[in-house]
Amino acid sequence: MAKKKRANPEINSSSMADIAFLLLIFFLVTTTIANDRGILMQLPPKPDDIEDVEIKLKEHNLFKVYVNSADRLLVEGEPLQDIKEIRDMVKEHVLNNGRNEKMSDSPKDAVVSFKTDRGTSYEMYIGVLNELQGAYYEMYGERVGMSAAEWRTLTNELDDPENKKLYDKGRGKGADGKVTFPMNISIAEPSKIGGN
Amino acid sequence: MHKFKKKTKSDPSIPTSALPDIIFMLLFFFMVTTVLRETTINVEQHIPKATELRKLQRKSLVSYLYVGKPTLNMQAQFGKEPRIQANDVFIAVEEIVGWVLQEKDKLDEVERDQITIALKVNNETKMGLISDIQLELREANARKLLYTTIQDMDL
């Protein structure tokens with residue numbers, strides 16, 4: 001009798017880990033980590049929906065970025081090596097406010113035109129688009145005293161009226177509903193030099 | 001010497017009772033952070049990196065298009081030129097409008113205009129194809145676009 005009482009009453013749980021491991025491996029194999037992040041963009045409306053209005057754009061309001069089929073950059077007529085330099089150039093152009101004759105009259109008038117070739121790689125396209133949008137996010141952030149990253153998270157939480165107010169302030173949206181600091185990034189139809 | 005003898009009497013095995021708990025914790029982490037794979041991707045996917053990422057609000061409004069070179073086991077049948085994959089099949093550029101309408105039909109009527117197309121495109125794809133896709137999406141009036149990218153860590 002005394003011997004029986006001494007036996008360990010614990011249930012042997014050493015195989016529990018194996019069972020859990022099996023489940024873990026099953027989930028590891030059958031699942032992918034959700035990746036729903038990326039660069040958001042709004043496409044312009046259908047070509048035939050736009051009325052054929054002669055839009056007069058002043059040459060100096062345009063900031064032109066072109067990438068050829070060999071992924072070489074041409075920014076404002078000058079070749080450029082480092083794509084990271086575009087960011088500051090865009091900011092200088094947009095925030096010029098008429099000081100320099102060769103740059104934009106006001107943020108409202110400024111247009112960033114981005115053109116590629118049919119032979120440009122997608123990686124390069126994303127790289128440049130990233131810099132162009134990043135420049136705008138930084139400018140918006142500065143207007144409301146935030147970093148670009150904080151601004152981007154803010155744009156995801158516009159249900160909050162506080163955020164909405166900051167968002168409208170950053171984009172300069174007045175009482176008349178007009179945005180005075182729009183993100184004018186225009187993606188032109190690619191040229192067909194390196195086409196396929 | 002007597003002192004040392006006592007020590008050797010202690011149980012030499014490592015206590016493993018906490019091991020299942022640790023494994024379960026890992027298991028729950030993976031269960032929460034992952035979604036079940038719905039489609040087999042038959043195109044190469046090396047997604048480009050970017051820094052200025054934004055998150056999608058509503059996952060139910062998103063439809064995915066995969067673009068890239070067909071994977072090795074598909075190349076005999078579909079060649080090496082980049083193709084577009086929607087759901088489980090390869091589609092031609094001209095079929096995108098029809099596909100978008102199908103995807104819109106799956107949504108509630110009030111939300112149809114808010115459909116977002118997520119493009120998962122391989123690095124090496126040429127812009128010609130992407131531009132053709134964008135033209136078709138404009139035609140189908142699905143104008144909200146997300147280029148899926150990976151967060152670039154080195155700044």
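The values are calculated or read from the model by the stated rules, or taken from the named source; none is laboratory data. These numbers come from a predicted model, not from an experiment. Cβ atoms come from the backbone with ideal geometry, glycine included; neighbour counts cover every protein chain shown.
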Subject >> Pick from the stretch A:168-196, criterion buried (at least 18 other Cβ atoms within 10 Å of the Cβ) and more than 13 Å from chain B (Cβ to nearest Cβ), ranking: farthest from B:Met127 (Cα to Cα) >> reply: A:Gly170
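At least 3 residues that are of a type in the set (Val, Ile, Thr) and touching a helix residue (DSSP H, G or I) at 6+ places or on another chain (Cβ under 7 Å) in each: list the strands (runs of 3 or more DSSP E) lying fully within the stretch B:86-155 that qualify.
On the way: elements: B:89-91, B:116-121, B:144-148.
Qualifying strands (runs of 3 or more DSSP E): B:116-121.
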Original post:
Can A:Glu162 be described as within 13 Å of chain B (Cβ to nearest Cβ) and acidic (Asp, Glu)?
Top reply: no
Subject >> One residue from B:Asn141, B:Asn73 being surrounded by fewer than 20 Cβ atoms within 10 Å (Cβ to Cβ) and on the phi > 0 side of the Ramachandran plot >> reply: B:Asn141
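Here are A:Ser147, A:Ser186: which of them is among the hydroxyl-bearing types (Ser, Thr, Tyr) and touching a Gly at 6+ places or on another chain (Cβ under 7 Å)? Before you say what the answer is, go through the steps one by one.
Numbers: A:Ser186 fails: touching a Gly at 6+ places or on another chain (Cβ under 7 Å).
Result: A:Ser147 is the single residue among A:Ser147, A:Ser186 that is among the hydroxyl-bearing types (Ser, Thr, Tyr) and touching a Gly at 6+ places or on another chain (Cβ under 7 Å).
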**OP:** Would you check if A:Glu92 is in a helix (DSSP H, G or I) and over 29 Å from B:Val67 (Cα atoms)?
**Re:** yes
Subject >> Options B:Leu53, B:Leu101; residue that is buried (at least 18 other Cβ atoms within 10 Å of the Cβ) and either of a type in the set (A, V, I, L, M, F, W, C) or more than 30 Å from A:Glu138 (Cα to Cα) (or both) >> reply: B:Leu53
Subject >> Selection from the stretch B:48-79 of residues that are in a helix (DSSP H, G or I) and within 12 Å of chain A (Cβ to nearest Cβ) >> reply: B:Lys59, B:Ser60, B:Leu61
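Which residue, of A:Gly127, A:Gly119, A:Gly134, is within 12 Å of another protein chain (Cβ to nearest Cβ) and touching an Asp or Glu at 6+ places or on another chain (Cβ under 7 Å)? Before the answer, list the steps.
Working: A:Gly127 fails: touching an Asp or Glu at 6+ places or on another chain (Cβ under 7 Å); A:Gly119 fails: touching an Asp or Glu at 6+ places or on another chain (Cβ under 7 Å).
None of the others qualify; the one that does is A:Gly134.
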Original post:
B:Glu124: free of Cβ contacts under 8 Å to residues at least 60 places away in the same chain and either crowded, with 20+ Cβ neighbours inside 10 Å or farther than 16 Å from B:Asn42 by Cβ (or both), yes or no?
Top reply: no
Subject >> B:Thr51, sole failed condition from (1) at pLDDT 80 or above; (2) closer than 30 Å to A:Asn130 by Cα; (3) out of contact with any Leu (no Cβ under 9 Å at 6 or more places or on another chain) >> reply: (3)
